[in-house]
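Inspection log for the structure reproduced underneath, given as structure tokens.
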Amino acid sequence: FLMRPSEAPHLKQLPSEYMRDHCWYTTQPMESTNLKALECTLDMIKADTPLLFATDWPHFDFDVPSEITDLPFLSEQSKRNILGLNAARIFNLDPKPVKQL
């Protein structure tokens with residue numbers, strides 16, 4: 001895109017900006033042995049906004065929500081967004097507070 005803008009003359013933004021502003025993503029598994037690389041990737045895509053948590057259930061090696069809540073580099077708001085608030089925005093749901101167990 002940057003090397004041949006004439007091939008996409010109607011684009012007003014970078015392709016990555018269109019992806020950031022108009023696409024949502026799920027991912028599974030969250031298995032990462034390199035937390036620094038995971039942190040860099042999630043930061044690069046601004047994961048608190050477009051990312052939805054997926055478990056891959058019912059497979060035997062599904063991920064539990066602690067895969068997100070245990071990440072030390074995500075803010076509490078980012079964790080809430082990824083674990084449910086982003087999905088609520090997509091589906092126009094009114095999230096209700098959940099009582100702690």
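Only one entry of Pro65, Pro50, Pro58, Pro15 meets the criterion of being in contact with a Leu (Cβ under 9 Å, 6 or more places away or on another chain) and either among the small types (Gly, Ala, Ser) or at negative phi (or both), and that entry is Pro65.
Looking for whichever is farther than 20 Å from Gly84 by Cα and β-branched (Val, Ile, Thr) here; the options are Thr55, Thr26, Thr33. Which one fits? Spell out the reasoning first.
Details: Thr55 fails: farther than 20 Å from Gly84 by Cα; Thr26 fails: farther than 20 Å from Gly84 by Cα.
Only one candidate qualifies: Thr33.
Of Asp21, Asp61, all but one fail to be in a loop (DSSP other than H, G, I, E, B) and not polar (S, T, N, Q); the exception is Asp61.
Determine whether region 70-78 contains at least one residue that is surrounded by fewer than 16 Cβ atoms within 10 Å (Cβ to Cβ) and at pLDDT below 85.
Taking region 70-78 as the starting set, the residues that turn out to be surrounded by fewer than 16 Cβ atoms within 10 Å (Cβ to Cβ) are 70, 72-73, 75-77.
Retained after the next criterion (residues that are at pLDDT below 85): none.
No, region 70-78 has no match at all.
Residue pairs whose Cβ atoms lie under 7 Å apart, sitting 6 or more positions apart in sequence or on different chains, and linking a residue in region 77-101 that is closer than 21 Å to Lys46 by Cα and among the aromatic types (Phe, Trp, Tyr) to a partner that is surrounded by 11 or more Cβ atoms within 10 Å (Cβ to Cβ) and modelled with pLDDT under 90, do not occur here. Quick check on Thr41: is it part of a loop (DSSP other than H, G, I, E, B), surrounded by 10 or more Cβ atoms within 10 Å (Cβ to Cβ) and among the β-branched types (Val, Ile, Thr)? Taking the combined requirement at face value, the residue does not satisfy it.
Residue-level check: of (1) assigned to a loop (DSSP other than H, G, I, E, B); (2) among the β-branched types (Val, Ile, Thr); (3) in contact with a Lys or Arg (Cβ under 9 Å, 6 or more places away or on another chain), Ile68 misses just (1).
The values are calculated or read from the model by the stated rules, or taken from the named source; none is laboratory data. Everything quoted here is computed from the prediction, not taken from an experiment. Because the Cβ atoms are built from the backbone with ideal geometry, glycine has one as well, and the counts that use them run over all protein chains shown.
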